[in-house]
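Below is one structure, written out as structure tokens; the observations come after it.
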């Protein structure tokens with residue numbers, strides 16, 4: 001901690017020294033005009049900056065959503081597993097209905113693509129959590145019930 005404080009004070013002193021030297025150069029008219037007037041910064045268009053910010057925002061939001069989704073699925077699968085072990089007859093009344101996905105032939109917008117990517121990644125996270133916890137899918141349970149009968 002003390003090392004960080006020492007480095008901070010040294011950097012403050014160096015910055016003050018650089019500013020005072022530049023002020024002295026300006027005061028005594030010893031400023032040298034650079035021969036090359038090209039700016040060292042590349043020209044970045046607003047559209048390029050906007051695009052980069054959109055992608056950065058997308059990855060930050062997706063990261064937060066994926067962390068939330070992962071722990072949500074872990075909690076729900078553990079509760080569902082516990083509920084099934086405690087009350088199997090009641091649990092047999094509740095079934096998950098799979099939604100049919102629609103195939104679209106038009107081009108999706110940026111936000112629609114981000115949402116579709118997020119849904120696919122969340123689906124993968126759900127499958128990984130089910131594999132880790134060892135929950136059986138409805139198809140496996142249905143196949144086991146057929147074999148038992």
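Over 30 Å from residue 111 (Cα atoms), modelled with pLDDT under 90, surrounded by 10 or more Cβ atoms within 10 Å (Cβ to Cβ) and within 33 Å of the chain's Cα centre (by Cα): does that describe residue 4?
Values: over 30 Å from residue 111 (Cα atoms): yes; modelled with pLDDT under 90: yes; surrounded by 10 or more Cβ atoms within 10 Å (Cβ to Cβ): no; within 33 Å of the chain's Cα centre (by Cα): yes.
Here the answer is no, as residue 4 does not meet what is asked.
Quick check, is residue 78 within 30 Å of residue 53 (Cβ to Cβ) and modelled with pLDDT of 85 or more? Spelling it out, it is not the case that residue 78 is within 30 Å of residue 53 (Cβ to Cβ) and modelled with pLDDT of 85 or more.
The values are calculated or read from the model by the stated rules, or taken from the named source; none is laboratory data. All values derive from a computational prediction rather than experimental measurement. Don't worry about glycine lacking a Cβ; one is built from the backbone with ideal geometry, like all the others, and counts go over all protein chains shown.
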